[in-house]
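J.: I have a structure here, written as structure tokens, and I will follow up with some questions on it.
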């Protein structure tokens, strides 16, 4: 697939890009190169190839699920201005 200059102008307009005359030719060449690469990839026979979640067959290292911090709730509430039944009391904001 090859794009014409009018198609490149239209794409630039849709993308809200302002391209000067020299930029149009360079952009056309780059876009045509990208479409050429896509055509090459689509030509590859992928029948029987199972999709992969990752390009490398790696196992995820999982860490042990354990508590790493101590319970400091009592220490935090001891410095709070007001607490009741383990909750922080704050001034009423909405009347």
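Since every read-out is calculated from the coordinates, none of them should be taken as a lab result. Not measured: the values here are computed from a predicted model.
J.: Where is the GNM fluctuation largest for the chain (alpha-carbon springs, 10 angstrom cutoff): 73, 16, 63?
T.: Comparing 73, 16, 63 in the GNM, the peak value goes to 73.
J.: Radius of gyration and Dmax for the chain's Cα atoms, expressed in Å?
T.: 30.7, 74
J.: Also, quick follow-up: Treating the angle as unsigned and between 0 and 90°, give the value, to the nearest 10°, between the Cα long axis of helix 21-43 and the longest Cα principal axis of the chain.
T.: With rounding to tens, the tilt is 80 degrees.
J.: To test your reading of the geometry: what angle, between 0 and 90 degrees and rounded to tens, separates the Cα axis of helix 5-14 from the longest principal axis of the chain?
T.: 20
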